[in-house]
Structure formats: structure tokens, C-alpha cells
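Here's the structure we're looking at; comments come further down.
The values are calculated or read from the model by the stated rules, or taken from the named source; none is laboratory data. In this text, all values refer to a predicted model and were calculated from it rather than measured experimentally. Here Cβ is always computed from backbone atoms with ideal geometry, including for glycine, and neighbour counts include all displayed protein chains.
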Amino acid sequence: MTPTRPGLAPPALITGARVQLRRSTPDDAAGVYRAAADTEVMRFLEWPPHRSEADARAYLDGCAARWAAGTEHHWVIEPRGGGELLGCIAARPKGHAVGLGYFLARPAWGRGIATEAGQLLMGRLQRQPGVLRIWATTDVDNQRSAAVLMRLGMLREGLLRMATVRPQLGPVPRDTLVFGWCRRPPA
């Protein structure tokens with residue numbers, strides 16, 4: 001999935017037991033807006049809640065441009081076979097490493113959706129020989145997200161002090177936890 005390795009184009013659809021990851025399009029703006037307008041959903045994220053469906057469309061337009069450029073691959077999370085948007089998940093390849101990020105609509109919380117979506121994407125990335133590292137960050141107080149990342153097989157690697165401004169929590173940079181998975185080189 002890295003842009004430096006030809007032939008590793010990400011699939012537009014990744015299907016799991018209960019959910020599927022479908023490449024996002026600007027037509028997903030209404031569902032993304034419903035999720036991203038919720039201040040509780042956006043509490044620990046690095047960008048403010050969407051104020052209109054136009055905000056969501058602009059966000060998704062950017063996602064489409066980054067997919068075309070190979071700098072980010074962004075999917076909506078939905079029930080297997082389609083339906084209501086449950087959230088979004090993205091992979092940001094850079095050389096041998098891929099950053100992972102996600103958010104879930106509040107009705108999807110506590111149902112294992114983030115874990116299943118993460119496992120689908122992590123499994124795909126782990127099968128790519130050029131991907132040696134997968135990493136993610138979360139706010140130091142976001143215990144639910146930290147638990148998901150650990151269930152995905154990532155290890156807590158460290159704490160970045162005053163690293164990230166989270167607009168919903170104020171203008172002061174907050175501490176950020178870093179999690180990672182690394183492919184072990186052959187012995």
C-alpha cells in the first residue's frame with residue numbers, strides 16, 4: 001500500500017464478518033456529517049466537528065484527492081452488504097510505515113466495530129511485504145481507543161508530551177500516546 005511500491009493499490013472494498021470498509025466518496029457526506037457533527041465523537045480528534053454537510057463533503061473531496069495521490073486511503077465503515085455509515089478508517093502510507101486513524105459514529109460504540117474494522121485493515125497491511133511498521137496515536141485520556149489499538153496487536157511505544165492540539169478540549173497541546181506494530185525481520 002505504499003506509494004513507492006507499484007502494484008500495491010488498496011482495494012475499494014474490504015469485507016469482514018460483520019462490517020465492510022468501502023472507499024469513501026463525496027456522496028458519503030451526509031453520513032460523515034451525522035457522525036462528525038457529534039462533539040462527543042469528535043472529542044479526542046485533531047479537527048473540529050463538522051458544522052454542515054458541506055464541511056463533510058470538503059473533507060471527503062480531500063480524501064479522494066489524497067487517495068489519488070497515494071498519500072491516504074480512506075474508507076467508510078458500514079455493515080457488511082452496505083447500509084448506515086458506522087464510521088471511517090484511513091491508512092496513510094509513507095515509505096515502509098503506515099499511519100492508521102479512525103473514528104466511529106456514536107451508535108457504533110461498544111459493539112466491537114472499531115476492532116473489526118481495524119483488524120480488516122491491519123490484516124491487509126500486514127500481508128504487504130513492503131509494510132514494516134503500522135502505527136497510530138490517541139489522546140492520553142482516550143482509554144477506549146487505546147484499548148482498541150492494543151486489541152489490534154499494537155504495543156504502546158511511548159508518550160509524546162504536549163504533542164497534539166485537540167480543538168474540542170482547548171487550545172493547549174495535549175499528551176499523545178503512540179502505538180505500533182512492527183514486522184520482525186527474519187532471524
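Of the set (1) free of Cβ contacts under 8 Å to residues at least 60 places away in the same chain; (2) loosely packed, with under 15 Cβ neighbours inside 10 Å; (3) within 21 Å of residue 24 (Cα to Cα), all apply to residue 136 but (2). Can you tell me which residue is surrounded by the fewest Cβ atoms within 10 Å (Cβ to Cβ) among those in the stretch 27-73 that are in contact with a Pro (Cβ under 7 Å, 6 or more places away or on another chain) and without any contact (Cβ under 8 Å) to a residue 40 or more places away in the chain? Checked the stretch 27-73; the qualifying residue surrounded by the fewest Cβ atoms within 10 Å (Cβ to Cβ) is 61.
Working only within the stretch 112-157, note down all residues that are over 24 Å from residue 43 (Cα atoms), among the charged types (D, E, K, R), in contact with a strand residue (DSSP E or B) (Cβ under 9 Å, 6 or more places away or on another chain) and outside any helix (DSSP H, G or I). Of everything in the stretch 112-157, just one residue is over 24 Å from residue 43 (Cα atoms), among the charged types (D, E, K, R), in contact with a strand residue (DSSP E or B) (Cβ under 9 Å, 6 or more places away or on another chain) and outside any helix (DSSP H, G or I), namely 133.
Would it be correct to say that residue 17 is surrounded by fewer than 20 Cβ atoms within 10 Å (Cβ to Cβ), more than 27 Å from residue 177 (Cα to Cα) and touching a residue at least 60 places away in the same chain (Cβ under 8 Å)? Break it down stepwise before answering.
Numbers: surrounded by fewer than 20 Cβ atoms within 10 Å (Cβ to Cβ): yes; more than 27 Å from residue 177 (Cα to Cα): yes; touching a residue at least 60 places away in the same chain (Cβ under 8 Å): yes.
Criteria met by residue 17.
Selection over the stretch 71-88 of residues that are at pLDDT 95 or above and either part of a helix (DSSP H, G or I) or farther than 15 Å from residue 106 by Cα (or both) gives a count of 6. Of the residues in the stretch 165-172, none is surrounded by 13 or more Cβ atoms within 10 Å (Cβ to Cβ), without any contact (Cβ under 8 Å) to a residue 60 or more places away in the chain and aliphatic (A, V, I, L, M).
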